[in-house]
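Written out below as structure tokens is the structure these notes cover.
The values are calculated or read from the model by the stated rules, or taken from the named source; none is laboratory data. Owing to the predicted nature of the structure, the values given are computational and were not obtained by experimental measurement. Quick reminder, even Gly has a Cβ in these numbers, built from the backbone with ideal geometry, and neighbours come from all protein chains shown. Areas reflect the complete protein model, heavy atoms only, side chains present, ligands, DNA and RNA absent. Shrake-Rupley method; radii C 1.70, N 1.55, O 1.52, S 1.80 Å.
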Amino acid sequence: MKIKTLEEILKKKSSKTEFAILTNLENGDSEIYLPGTSPKGEFSKYADEIENFFKSKKNGVIENSEIFVETYIKPIKVIIVGAVHIAQYLVDFARSLNFEISIIDPRGYFASEQRFPEIKVINKWPKEAFEEIETNSSTALIALTHDPKIDDPALQYALKNKFYYIGALGSKKTHENRCQRLAEAGFTNDEINSIHGPIGIKLGGKSAPEIALSIIAQLVSETYKK
Amino acid sequence: MKNSFDEKILDEAKDWINANQKVVLATVIQTWGSSPRQVGSRMIVNEKGDFSGSVSGGCVESAVVSECLSLIKDNKSCKKIEFKVSNESAWEVGLACGGEIAVYIEQIH
């Protein structure tokens, strides 16, 4: 690898631009590739394969070739509604798992920077908060307040915008009531059933870090199904 | 999910180069069966044999370091090394997990 290529990689990394490093394992040539562009020179005939590595978020050697592809893909965006105790543990787990967290909570005493250093905390109601976050079908929502006034508008937004993971904290009873309200708001059964509620996989634990662990485990599992 | 953006090994490689060291980059490019580090895992080695990062759970690092030193000595640009359980030398360094890995080493110049 040329020093020039290494410097370009470091620049792309620090600006969090998505890219791939293409390496010809036979002669050591390497190139930086940006998704959506045409690979240069000797790599050009593998354009489809390289694009597929991006789609599947994988690294590897292209079959029947000597070309290695290493992708740098942006973290998955996870929006947490409710700057509660569980959220503090979720933030810790998310940091090492390539999730980028934003927290929405209209209650100022919860959503303080002191409780969540280095995290984007939006101290607004969901409707206004979502105007500040770019979302798409690769976004996840974790609703933790179990207060319908705060959770429901966020859940409705996530359903309408087809988030790939939507989970809501609360007992079975709380979740039944929630489903009822969403049905009344005009959401279909399929949409309502796509919500993970009660949130998380069954671990048996009840403490805040244990609940956070069960939520993050479910999120990772759903992310790999995507 | 690997967070490649947060991996610091390439930044460290640049620091070593800035300190006038010769640097070989080792990257896991293929794995078969159970292997401890996933494809894309990296390690750097300088001409003194100092290394940082990892390509396995400690099983083949020493062999990779000596391959990297030979690469610098012979002034070659790159080489692909496979570590298999059936391979005599790998058996010595011991890929105890029973997996197989291919590591690509290249000089940064």
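Taking the criterion of being more than 16 Å from A:L141 (Cβ to Cβ), touching a strand residue (DSSP E or B) at 6+ places or on another chain (Cβ under 8 Å) and touching a residue at least 60 places away in the same chain (Cβ under 8 Å), the only residue of the range A:67-92 that qualifies is A:Y72.
Regarding B:A13, is this residue open to solvent by 40 Å² or more (accessible area, probe 1.4 Å) and modelled with pLDDT of 95 or more? Write out each step before concluding.
Details: open to solvent by 40 Å² or more (accessible area, probe 1.4 Å): no; modelled with pLDDT of 95 or more: yes.
Answer is no for this residue.
Determine if the range B:35-47 includes at least one residue that is within 14 Å of chain A (Cβ to nearest Cβ), open to solvent by less than 20 Å² (accessible area, probe 1.4 Å) and at positive phi. Yes, because at least one residue in the range B:35-47 is within 14 Å of chain A (Cβ to nearest Cβ), open to solvent by less than 20 Å² (accessible area, probe 1.4 Å) and at positive phi.
Annotation: of all residues in the range A:125-135 being of a type outside the set (V, I, T) and touching a strand residue (DSSP E or B) at 6+ places or on another chain (Cβ under 7 Å), the one that is most open to solvent (accessible area, probe 1.4 Å) is A:E132. The residues on offer are A:E42, A:E51, A:E26, and the sole one that is in a loop (DSSP other than H, G, I, E, B), outside the structural domain of A:L155 (by TED's automatic domain parsing), surrounded by fewer than 18 Cβ atoms within 10 Å (Cβ to Cβ) and not β-branched (V, I, T) is A:E26.
If you go through the range A:58-78 and pick out every residue that is within 20 Å of A:I101 (Cβ to Cβ) and either among the aliphatic types (A, V, I, L, M) or facing chain B (nearest Cβ under 8 Å) (or both), you end up with 6.
Within the range A:93-120, count every residue that is away from chain B (no Cβ under 14 Å), over 20 Å from A:A168 (Cβ atoms) and in contact (Cβ under 8 Å) with a residue 24 or more places away in the chain.
The initial filter retains those residues of the range A:93-120 that are away from chain B (no Cβ under 14 Å), namely A:102-117, A:119-120.
Now drop any that are not over 20 Å from A:A168 (Cβ atoms), which leaves A:108-109, A:112-117, A:119-120.
The next check asks that each one be in contact (Cβ under 8 Å) with a residue 24 or more places away in the chain; those that pass are A:112, A:115-116, A:119.
Total meeting the criteria: 4.
Check whether at least one residue in the range A:93-105 is farther than 23 Å from A:S214 by Cα, under 16 Å from the mean Cα position of the chain (by Cα), of a type outside the set (K, R) and not in a loop (DSSP other than H, G, I, E, B), and report yes or no. No, there is no match, as no residue in the range A:93-105 is farther than 23 Å from A:S214 by Cα, under 16 Å from the mean Cα position of the chain (by Cα), of a type outside the set (K, R) and not in a loop (DSSP other than H, G, I, E, B). Taken over the range A:136-169, residues that are open to solvent by less than 20 Å² (accessible area, probe 1.4 Å), under 13 Å from A:I195 (Cα atoms) and either in a strand (DSSP E or B) or of a type outside the set (A, V, I, L, M) (or both) amount to 11.
On the given criteria, is A:I21 of a type in the set (A, V, I, L, M), assigned to a strand (DSSP E or B) and without any contact (Cβ under 8 Å) to a residue 40 or more places away in the chain? No: the conditions fail for A:I21.
Looking only at residues in the range A:54-107 that are buried (at least 21 other Cβ atoms within 10 Å of the Cβ) and of a type in the set (D, E, K, R), the one that is farthest from A:K225 (Cα to Cα) is A:D105. Checking each residue in the range A:189-210 for being in a loop (DSSP other than H, G, I, E, B), open to solvent by less than 70 Å² (accessible area, probe 1.4 Å) and either outside the structural domain of A:A154 (by TED's automatic domain parsing) or on the phi < 0 side of the Ramachandran plot (or both) picks out A:S194, A:I195, A:G197, A:P198, A:I199, A:G205, A:S207. For beta carbons closer than 9 Å, sequence separation of 6+ or different chains, a first residue in the range A:207-226 that is of a type in the set (D, E) and a second that is open to solvent by 50 Å² or more (accessible area, probe 1.4 Å), the qualifying pairs are A:E210/A:Y89; A:E210/A:L203; A:E210/A:G204. Annotation: of all residues in the range B:1-44 being among the hydroxyl-bearing types (S, T, Y) and under 16 Å from the mean Cα position of the chain (by Cα), the one that is nearest to A:K74 (Cα to Cα) is B:S41. Total residues in the range B:46-58 satisfying the condition of being farther than 22 Å from A:N59 by Cα and either part of a helix (DSSP H, G or I) or in contact with a Gly (Cβ under 9 Å, 6 or more places away or on another chain) (or both): the figure is 0.
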